[in-house]
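Novice: Pasting in a structure now, in structure tokens, and then I'll have a few things to ask.
Readers should treat all values here as calculations from the given coordinates under stated rules, not as data from a laboratory. Predicted, not measured: the structure shown is a model, and the values here were computed from it. Ideal geometry is used to build each Cβ from the backbone, glycine not excepted, and the neighbour counts take in all protein chains shown.
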Amino acid sequence: MLAAVTMGHGGQDETVLRADWNVPDIGPGQGLVRVTAAALNNTDIWSRAGAYGTTENPEAIAGWRGVPLDFPRIQGIDAAGVVQDVGANVDTSWIGRRVIVDPTVEYHGEFPVRVLGSEVDGGFAQFTLATEAQLFDVTDSPLTDAQLACLPTAYGTALGLINRAGCAPGQRVLVTGSSGGVGSAAIQLLLTRGCHVIARTSPGKAEAVRETGVAEVSVRGLDPLADLAEVDRVIDVVGGDEFGELLDRLRDGGRMATAGAIAGPVVQFDIRRLYLRQRTLVGSTMHTPTDFAELCETARRGAIRPVVGGTFPLEELAAAQARFLTKDFVGKLVVEPWAQAENT
Ligand SMILES: NC(=O)c1ccc[n+]([C@@H]2O[C@H](COP(=O)([O-])OP(=O)(O)OC[C@H]3O[C@@H](n4cnc5c(N)ncnc54)[C@H](OP(=O)(O)O)[C@@H]3O)[C@@H](O)[C@H]2O)c1
């Protein structure tokens, strides 16, 4: 099969295209998924770079669990497709069904500990394996395969943040990184929940973000955060220099949930503003099993419509990831492992 195989920690050149990679053998309890779409995420790039650091050494080369990955590894945390075949002890009625793959291969309680594309091979290939518990039937969803592939990480993380922050209808919720994968997902999910959404975004994307239906747009570099009326919740995926100011926008007893550090992982804030105002800061990674089931139900109903900022054949993964890093688009970028093959 065609696969993008990452050979070690490092840059883009560590990922090589192989047209002769073996289709994986299906084990008991597993399904073989013909991957029709795989969305791009920062975690694939950070994992290849080994950019997660460790508690002891923030500069250490490590995957998200604080240890180096095993190589060779097919990355790609997000995969959607069709079940091609199943192993022993799996209901054969899965064969032919359209699915989203829960990237979490193993949870400890409600916490993901092994995920697709990091601890096991993922979606940047024509086939991938998933346990039966990872398969979620979305055959009847009105979403395209490319839209479905956007859901697991971006929407799963967004829903995890929203649920951990306890966002409720009518609340004022400030979202950062609004044009990005998780931010745009959070906006859609919060709007379906009936929240008053305030989007923090960059100047070039303010208009596109406004069109998503948010109540207010606050532009980085133009609109001081201090000018915003207080909010009930903050959903942050950016970190960096504005972290302390974001926390300070919360009302007394408000809650901020954080899942990302794209503007910088080491931040400063005044802890007096945290405890005197009785605010809560919550760390959140990915989703719980309950969040994922809720997400797939939402996808089946078509209640959310992920914005696909572009699609690429898997052969163009390097170009797709380079585009992804420019951040000059809105929504998610997706690779399609069968696109080129079908066109030739
Ligand atoms: N913990 C988890 O489970 C988890 C899961 C998924 C992602 N993440 C992390 O969450 C972050 C966002 O992920 P994503 O998939 O949404 O990324 P993305 O699609 O690349 O979007 C990131 C957005 O952040 C904003 N941004 C970029 N650079 C910035 C900067 N220097 N300062 C402020 N804002 C900046 C931009 O939005 P605007 O132009 O609209 O401001 C950009 O579109 C990343 O750090 C990622 O690693 C964590």
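Novice: Answer yes or no as to whether residue 137 is surrounded by fewer than 24 Cβ atoms within 10 Å (Cβ to Cβ) and either among the basic types (Lys, Arg) or touching a Cys at 6+ places or on another chain (Cβ under 9 Å) (or both). Show your work before the answer.
Specialist: On the way: surrounded by fewer than 24 Cβ atoms within 10 Å (Cβ to Cβ): yes; either among the basic types (Lys, Arg) or touching a Cys at 6+ places or on another chain (Cβ under 9 Å) (or both): yes.
Answer is yes for this residue.
To keep it simple, each residue is scored yes or no on (1) of a type in the set (A, V, I, L, M, F, W, C); (2) not in a helix (DSSP H, G or I).
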| residue | (1), (2) |
| --- | --- |
| 114 | no, yes |
| 133 | yes, no |
| 136 | yes, yes |
| 164 | no, no |
| 167 | yes, yes |
| 174 | yes, yes |
| 186 | yes, no |
| 190 | yes, no |
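Novice: Further question: Can you pull out the residues in the range 272-298 that are small (Gly, Ala, Ser) and in contact (Cβ under 8 Å) with a residue 40 or more places away in the chain?
Specialist: 284, 293
Novice: Among the residues of the range 157-174 satisfying the criterion of being within 15 Å of the chain's Cα centre (by Cα) and more than 8 Å from the ligand (Cβ to nearest atom), which is farthest from residue 115 (Cα to Cα)?
Specialist: If we take residues in the range 157-174 being within 15 Å of the chain's Cα centre (by Cα) and more than 8 Å from the ligand (Cβ to nearest atom), then 162 is farthest from residue 115 (Cα to Cα).
Novice: Filter the range 200-243 down to residues that are part of a strand (DSSP E or B), closer than 21 Å to residue 281 by Cβ and touching a Lys or Arg at 6+ places or on another chain (Cβ under 8 Å), then give me how many there are.
Specialist: Of the residues in the range 200-243, 6 are part of a strand (DSSP E or B), closer than 21 Å to residue 281 by Cβ and touching a Lys or Arg at 6+ places or on another chain (Cβ under 8 Å).
Novice: So residue 329 ticks every box in (1) buried (at least 20 other Cβ atoms within 10 Å of the Cβ); (2) closer than 23 Å to residue 209 by Cβ but one. Which box is left unticked?
Specialist: Going through (1) buried (at least 20 other Cβ atoms within 10 Å of the Cβ); (2) closer than 23 Å to residue 209 by Cβ one by one, residue 329 breaks only (1).
Novice: At least 2 residues that are away from the ligand (no atom under 14 Å from the Cβ), free of Cβ contacts under 8 Å to residues at least 60 places away in the same chain and over 21 Å from the mean Cα position of the chain (by Cα) in each: list the strands (runs of 3 or more DSSP E) lying fully within the range 12-92 that qualify.
Specialist: In the range 12-92, the matching strands (runs of 3 or more DSSP E) lie at 15-18, 80-86.
Novice: Could you list all residues from the range 123-154 that are in contact (Cβ under 8 Å) with a residue 60 or more places away in the chain and of a type in the set (Ser, Thr, Tyr)?
Specialist: Result: 128, 131, 141, 144, 153.
Novice: In addition: Failed condition for residue 243, given (1) within 12 Å of the ligand (Cβ to nearest atom); (2) among the hydrophobic types (A, V, I, L, M, F, W, C); (3) over 25 Å from residue 159 (Cβ atoms), with all others met?
Specialist: Every listed condition holds for residue 243 apart from (3).
Novice: So, one more: Residues to consider are 151, 143; find the one that is within 13 Å of the ligand (Cβ to nearest atom) and surrounded by 18 or more Cβ atoms within 10 Å (Cβ to Cβ).
Specialist: Values: 143 fails: within 13 Å of the ligand (Cβ to nearest atom).
It is 151.
Novice: Inspect the range 225-234 for any residue being near the ligand (Cβ under 10 Å from one of its atoms), out of contact with any Pro (no Cβ under 8 Å at 6 or more places or on another chain) and touching a residue at least 40 places away in the same chain (Cβ under 8 Å) and give the result as yes or no.
Specialist: No - not one qualifying residue is present in the range 225-234.
Novice: Considering only the range 175-201, state which residues are within 8 Å of the ligand (Cβ to nearest atom) and either free of Cβ contacts under 8 Å to residues at least 60 places away in the same chain or of a type in the set (Val, Ile, Thr) (or both).
Specialist: Passing the criteria: 176, 178, 182, 183, 199, 200, 201.
Novice: Suppose we filter 99, 33, 83, 23 for residues that are under 26 Å from residue 315 (Cα atoms) and surrounded by fewer than 18 Cβ atoms within 10 Å (Cβ to Cβ); which single one remains?
Specialist: Values: 99 fails: surrounded by fewer than 18 Cβ atoms within 10 Å (Cβ to Cβ); 33 fails: surrounded by fewer than 18 Cβ atoms within 10 Å (Cβ to Cβ); 83 fails: surrounded by fewer than 18 Cβ atoms within 10 Å (Cβ to Cβ).
On inspection, the qualifying residue turns out to be 23.
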